[in-house]
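All remarks here apply to the structure that follows.
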Amino acid sequence: MPHATSLISTIAVSLVFAFAGGALATRLRLPALVGYLLAGVVVGPFTPGFVADVELAPQLAEIGVMLLMFGVGMHCSVEDLLAVRRIAIPGALGQMLLATLMGALLSLYWGWSLTAGLVFGLSLSVASTVVLLRALESQGLQDTDIGRIAVGWLIVEDLVMVLALVMLPAVLSVPDQSGAPTAIWTTLLTTIGKVVLFVALMLLMGKRLFPWLLAIADRSGQRELFSLAVLTLAIGVAFGAAALFGVSFALGAFFAGLVIGESEFKARVESETLPIQDMFGVLFFVSVGMLFDPMILVDKPLHVLAVVAIIVVGKSLVAYGIVRMLGYTAVTARCVSASLAQIGEFSFILAGIGVALKTFPHGASDLILAGAVLSIVLNPLVFNWLNPVSHPGREQSGASGA
C-alpha cells in the first residue's frame, strides 16, 4: 500500500477492530467498552499481528480525553448535584477516601512507594461515567431518585478527579530532594493560582462569549459550521488552557463543556457532536487497550484478583454502608453501590500520569487496566444481583426527613 500512512492505518485498523470487538461484546451482553479495550490489546505491541503506531495512538487518545471531558462537563448539572448534595457529597468523598486507602495499603504490602500507592488507590476509587450511565439506563433507573443519587455521586467523583488531574502532575514532577516540601507547596500554590485565573475567565467571559459564538454559527444555517464551532471551543479551549495557564487539556475541555452545558444550545450541541465524541472516545479506549500487557493475568493473577476485589467488593461495601448510615433504604444502597462497582476513563488517565511521571513500578498500569476490564465485565452481573425489585424507582429511596 504505497499511499498508506501511519495515521490512516492506525485509525482504520483501530476502528475496524473496535467495531468487531464492540459488536461481539454487545452480542455477549457486555458493555461495548469491553470490546474497544480488547481491540486495543489486539492491535497493541504485546500481541502478534498488526501493531498500531504506539507513538501516534496516545495523541489520538488525548483528543479522545478532551472530548470525553467535554462531555463530562456538559453533564455536570449544578442543580442535579444540589438536589442530592446531602448524600452525594459525603458519600462520594467518603468512598473515594476509603477506596484510595485500600488501594494504597495493598500496594504498600506489595512493596511500592507511598506516592505510587496513593495514585494507584485513587485510580481505583472513581467509577466510569460511560459505564454508570449505561447501567442506569439499562435498568430503567436514570429518571428515578436512585438514578439521580448515583449521577450526583458520580459528578462529585468527577470534580475531585478533575482537581486531581491538575494537582498530581504538579506535585509528582517536583524532584525528591531536601527542599521538596517547600517546592511542592510553591508548585501547588502556583498551579492553584493559574487554575483560579483560568476558571474565573471561563465563568466571567466564557458564559458570554461561547453562547454568542454558537449563536453566530446557528444563524448561518450551516450545520457543519455549528459542529465546527463546538469542536473549536472544546479542543481550542483545552489547548489554550494548557498553553497559557499550564493546566491539563482535560481541565480546559471540562470547563468548556460546563459553560456550554449551562447555555441554551446544550441539547443541540449534544445531538450534533455526539458522533464525533463517540469516535474519538472509541479511539481513546483502543489506545488504552494498546498499553495493556495481557501477560499480567498469567504472571500476577493474585494481584489482579486483589485489585478486582477492591473495585467490585470493597467499593460496593463502602458505598452501601455510607448510604445506609445516611438513612436511605437498602434498595437505594444496593443499587447505588452496584452502579459504582467499576472503574474506567479517569482511572486510565491516572494510570497514564503514573507511567509518564515514572511514579508507578513496572506492571502497575496493567493492574489498573485489568481491574477496569474485569470490573466492567462483572458490573452488569453485580447490578442484576443487587437490584432486588423490578421497579426500584417506586421505592421510597429518600431518607425519612431528608
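Karplus-derived 3J(HN,Hα) values for the stretch 244-256, using 6.51 cos²θ - 1.76 cosθ + 1.60 with θ = phi - 60°, are 9, 10, x, 9, 6, 4, 4, 5, x, 5, 4, 6, 4 Hz; glycine and proline are entered as x.
Find, among the GluC sites (Glu not before Pro) in the stretch 51-146, those assigned to loop by DSSP (not H, G, I, E, B) with at most 10 other beta-carbon atoms within 10 angstrom. Mind dumping the intermediate values first?
Numbers: sites: GLU55, GLU62, GLU79, GLU137; in loops: GLU55.
Within the stretch 51-146, the qualifying GluC sites (Glu not before Pro) (loop, at most 10 other Cβ atoms within 10 Å) are GLU55.
Taking each residue as 0.36 nm, the span from PHE50 to ASP299 lengthens on full extension beyond its C-alpha to C-alpha distance by 87.2 nm.
Kirkwood Rh and Cα-based Rg: tell me the resulting Rg over Rh for the stretch 265-322, rounded to two decimals. Don't skip to the answer; put the middle values down first.
On the way: Rg = 18.1 Å, Rh = 14.8 Å.
We get a ratio of 1.22 for the stretch 265-322.
Once both labels are positioned 7 Å from their Cα atoms along Cα-to-Cβ, the gap between LYS207 and ALA309 label points is 4.9 nm.
Candidate cross-link partners of LYS207 among the lysines, defined by an alpha-carbon separation under 20 Å and a same-chain spacing of 8 or more, comprise LYS194, LYS266.
Projecting label points 7 angstrom from Cα along Cα→Cβ for SER6 and MET167 puts them 3.7 nm apart. For the chain, the residue among ILE11, ILE149, PHE265 whose Cα projects farthest onto the positive side of the dipole built from Cβ charges is ILE149.
Roughly how big is the stretch 168-322's charge dipole about its Cα centre, with Cβ charges of +1 (Lys, Arg) and -1 (Asp, Glu), in debye to the nearest 20?
Working: 9 positive and 10 negative charges, 71 e Å.
Dipole magnitude for the stretch 168-322 comes out near 340 debye.
Where (i) 39, 22, 18; (ii) 29, 27, 25; (iii) 35, 24, 22 are the candidate values, the label of the one calculated here for semi-axes √(5λ) of the Cα gyration tensor in Å is (ii).
Under a model in which nothing but the beta-carbon of Lys, Arg (+1) and Asp, Glu (-1) is charged, the chain shows a dipole of about 580 debye around its Cα centre.
Of the residues ILE376, GLY21, TYR328, the one whose Cα sits farthest toward the positive end of the charge dipole of the chain, with +1 on the Cβ of Lys and Arg and -1 on the Cβ of Asp and Glu, is TYR328.
Just so you know, all these numbers are worked out from the coordinates, no wet-lab data involved. Nothing here was measured: the structure is a model prediction, and the numbers come from that model. Because the Cβ atoms are built from the backbone with ideal geometry, glycine has one as well, and the counts that use them run over all protein chains shown.
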